[in-house]
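Here is the structure we will look at.
The values are calculated or read from the model by the stated rules, or taken from the named source; none is laboratory data. Source: prediction; values computed, not measured. All Cβ positions, glycine included, derive from the backbone under ideal geometry; neighbour counts span all protein chains shown. Surface areas here come from the heavy atoms of the whole protein model, side chains and all, with no ligands, DNA or RNA. Shrake-Rupley method; radii C 1.70, N 1.55, O 1.52, S 1.80 Å.
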Amino acid sequence: MATLQDLGVSAFINILGAFVFLLLFAVLRIQPINDRVYFPKLYIAGKRGAGDHRGARRVINLNLCTYFKFLSWVPGALRMGQTELIHHAGLDSAVYLRIYTLGLKIFLPVMVVALLVLIPVNVSGGTLLNLRKDVMFSDIDKLSISNVSPGSNRFFIHLLMAYVFTFWTCFMLYKEYSNVAFMRLHFLASQKRCADQFTVIVRNIPRVSSHSTSETVDEFFRRNHPDHYLGQQAVYNANRYAKLVKQKERLQNWLDYYQLKFERHPDKRPTGRTGCFGFCGRQVDQIDYYRATISELDKRIASERQRVLNDPKAVMPVSFVTFDSRWGAAVCAQTQQSKNPTQWLTNWAPEPRDVYWQNLAIPFFSLSIRKFLISIAVFALVFFYMIPIAFVQSLANLEGIEKVAPFLRPVIEVKVVKSFLQGFLPGLALKLFLYILPTVLMIMSKVEGYVSLSSLERRTASKYYYFMLVNVFLGSIIAGTAFEQLDSFFHDPPSQIPRTIGVAVPMKATFFMTYIMVDGWAGIANEILRVKPLVIYHLKNMFIVKTERDRERAMDPRSIALGENLPSLQLYFLLGLVYAVVTPILLPFIIVFFAFAYLVYRHQIINVYNQEYESAAAFWPQVHSRIIASLLISHVTLFGLLSTMKAAYSTPLLIFLPMLTLWFHKYCKSRFEPAFRKYPLEEAMEKDVMEHASEPSLNLKTYLANAYLHPIFHMFEQEDQKEAATIEVRIDKSEHQQQQHVRSSHSQYEEETSAQTHYHHEEMTSSQYQYQYQYQHEQTHMRSEQSPPHFVYHHGDEH
């Protein structure tokens with residue numbers, strides 16, 4: 001069990017580590033050679049270019065004055081206002097930072113009240129002194145509720161504080177939910193025109209004999225949405241082609257590396273072996289070998305491209321359907337389309353950069369099976385991780401092990417070893433065990449079949465939260481209590497075990513203090529240092545980069561990683577709310593984390609992170625729900641503690657607290673959550689009217705034509721440009737009963753040649769609609785093989 005001295009050692013190590021990380025960051029960030037590592041966001045946003053820093057020729061910063069301003073990044077991180085921050089980094093980033101300020105708003109007043117009221121009550125209890133022979137404890141545990149005598153009237157003060165802290169937390173949650181909901185609606189209302197505002201994703205499209213998927217979709221939506229349906233974009237299963245292209249890119253990188261190596265040393269051509277890691281196989285010229293391999297791979301890529309374009313089975317029963325108004329898209333996305341509720345499933349399409357294309361090829365019927373299997377896998381993973389969690393707790397509770405295994409005492413009792421083992425190593429070990437877990441959970445979420453990056457991160461965050469709750473929180477308490485009180489468990493009668501647990505649970509606050517210092521202090525300082533991206537960037541810059549474009553690709557700005565960071569944040573809320581009444585001395589550690597992390601992540605969001613998508617704070621309902629869950633867990637924990645301490649008069653009064661909390665959550669859910677789940681038709685109509693008034697000649701057909709074109713077709717375009725051949729596949733459409741007279745075929749042909757995508761309008765009757773795919777080969781200099789379809793919508797007479 002960690003003593004005050006052990007916590008001092010841990011605090012010294014972590015504060016020293018954080019200071020060293022910050023000092024290294026202050027030095028490295030001002031070096032011109034590291035500019036793209038610590039300021040990639042500015043390059044991506046166009047606020048800094050290749051010529052802004054003379055780091056291409058000067059590697060070291062020789063201005064000594066800048067070295068004395070090592071904290072200059074702090075005012076820079078705080079200078080940008082919220083409106084500017086939203087414009088610069090998006091609403092997701094701005095709302096993510098508000099979670100940290102919410103933590104400060106909740107726990108700062110709670111900490112002040114708890115330290116002034118509860119600490120004196122706990123210290124004057126004196127119970128642990130009477131249990132010295134039965135229960136292991138330290139001086140810090142005298143500040144917890146465990147030190148209050150069983151049956152004491154002092155528990156009424158803890159009960160009162162529980163009500164005060166809960167009401168204050170709910171008040172701040174209500175205000176924050178209201179503010180975030182308003183920010184979301186205002187952001188959506190002021191957002192510029194985007195393709196996803198007019199687009200709905202349709203899944204589980206039924207197969208109809210003698211009809212292609214595109215024809216089935218077109219017929220269904222023209223019949224059920226005749227006034228607003230604009231067109232549709234089919235989805236192709238091109239995953240195999242994408243893997244081949246990625247394989248080619250990796251081979252090309254190696255070829256570039258060896259060519260650059262040969263240019264630097266022209267007297268010696270690079271050679272190597274083709275076997276495993278270059279240790280076996282035949283000796284080859286690396287440049288010739290990779291050229292030949294890439295040439296063979298090009299043939300496979302061309303063959304796979306033809307298969308994707310010509311195989312009807314490559315068209316998936318998924319489609320992106322577009323409408324001529326936001327109102328029409330909102331009606332379709334938020335209503336049931338078919339009598340069969342498992343078919344024609346519609347939802348808002350994620351923005352194009354948010355689409356996870358690989359999962360669109362997963363058959364819909366297999367999604368339920370995948371989710372079931374992944375649920376079992378997550379359940380097994382949680383219990384598998386109980387093994388390292390128990391090992392971590394064995395490091396944190398050496399006294400209990402000494403009683404069972406006295407032969408280890410000579411080694412453990414060395415002061416330096418003991419302080420290191422109990423004060424620093426447990427938190428570090430737990431951090432290391434959790435390092436790979438978010439990546440594993442993200443892979444599981446991808447297997448489940450979610451079709452957007454934002455939903456993948458939210459599902460990963462859900463899995464990670466449950467893991468942190470069961471393993472890190474409950475597992476650490478249960479395993480830690482068992483290790484601490486091994487002697488009591490073995491020798492006391494069974495009727496005394498609940499009392500032992502009730503006294504020991506608050507004592508686990510010392511372990512969580514060490515974890516907060518490792519993860520929330522030194523870990524956050526390591527985040528701003530960016531050791532891994534720094535090393536990888538310079539390795540790429542040394543061996544791969546040849547042009548300015550290569551240098552831009554070598555940058556690794558990353559994103560906030562909500563799937564990993566949100567559960568970690570929610571763990572801190574859980575610890576703060578549970579231990580606010582039980583062991584208030586933990587609260588200052590949490591306050592330091594929220595304040596320090598807010599500064600660091602604000603700097604990273606402004607200068608480093610480049611979000612892959614914008615969900616308009618769609619993750620906030622999960623954040624709110626899990627803070628409510630933390631409140632309920634704190635109530636259950638306190639109820640259990642009081643029940644084991646013979647507080648018969650005060651404990652029943654606690655029953656009303658979780659009931660009031662659940663009522664509050666239900667009210668907030670009905671009051672604010674619809675703003676995150678549905679788009680108001682009133683808002684959609686208002687925005688449509690305003691847009692028609694300001695841009696009466698807007699051609700949405702052209703704007704939406706290739707918005708959801710599968711990335712595979714963009715790859716085709718690049719290949720065709722290299723081959724100097726252009727082949728266009730047209731799919732034209734026209735509006736219902738509002739068409740212009742057809743232009744002459746010759747002029748129409750010339751216009752289509754000058755634009756990749758064009759809409760061809762013809763007069764038609766209302767009874768004759770036929771969605772037509774017209775694959776036409778055009779010749780610029782010569783005929784070439786078939787290229788990807790650019791989709792144009794055409795409603796015309798069929799002759």
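Give me the percent of the accessible area of the range 266-388 that comes from carbon and sulfur atoms, probe 1.4 Å, all protein chains in place.
Using a 1.4 Å probe with all protein chains present, the range 266-388 comes out at 62 percent carbon and sulfur.
Amide H to amide H, which residues 5 or more places from Thr271 or on other chains are under 5 Å from it, using H placed in the peptide plane?
Here the answer is Gln286, since their amide H atoms fall under 5 Å of that of Thr271.
For the range 603-680, state which chymotrypsin sites (Phe, Trp or Tyr not before Pro) are in a DSSP loop and have at most 14 other beta carbons lying within 10 Å of their beta carbon.
Loop-located and lightly packed - Tyr649.
Among the listed pairs Lys243/Lys299; Lys246/Lys268; Lys339/Lys669; Lys175/Lys666, which have their C-alpha atoms separated by more than 22 angstrom in this model? Could the numbers behind the result be given before it?
Working: Lys243/Lys299 14 Å; Lys246/Lys268 30 Å; Lys339/Lys669 29 Å; Lys175/Lys666 15 Å.
Cα-Cα > 22 Å for Lys246/Lys268; Lys339/Lys669; rest within.
Give, in nm to one decimal, the length gained when the segment between Val447 and Tyr435 is fully stretched (0.36 nm per residue of separation minus the Cα-Cα distance).
Answer, rounded to one decimal: 2.3 nm.
Does the range 655-714 come out rounded, prolate or oblate, given a ≥ b ≥ c as the square roots of the eigenvalues of its C-alpha gyration tensor, rounded meaning a/c under 1.5 and, failing that, prolate meaning a/b above b/c?
On the way: a/c = 8.58, a/b = 2.13, b/c = 4.02.
Judged from the Cα gyration tensor, the range 655-714 comes out oblate (a/c at least 1.5, b/c at or above a/b).
Between Asn224 and Glu682, what is the FRET efficiency for a Förster distance of 22 Å, r being their Cβ-Cβ separation, to the nearest 0.05?
That pair, Asn224 with Glu682, gives E of 0.45.
If you plug each phi of the range 360-371 into the Karplus form 6.51 cos²θ - 1.76 cosθ + 1.60 with θ = phi - 60°, what whole-Hz ³J(HN,Hα) values come out, in order, with x for Gly and Pro?
5, 7, 6, x, 5, 5, 8, 5, 5, 5, 4, 5
With a 1.4 Å probe and every protein chain left in place, tell me how much accessible area Lys371 has, in Å² to the nearest 10.
80 Å²
Calculate the FRET efficiency for Phe19 and Ala302 from the Cβ-Cβ distance with a Förster distance of 51 Å, rounded to the nearest 0.05.
On the way: r = 57 Å, r/R0 = 1.12.
About 0.35, to the nearest 0.05.
How would you classify the range 571-707 from its alpha-carbon gyration tensor, with a ≥ b ≥ c the square roots of the eigenvalues: rounded for a/c under 1.5, else prolate if a/b is greater than b/c, otherwise oblate?
Because a/c hits 1.5 or more and a/b fails to exceed b/c, the range 571-707 counts as oblate.
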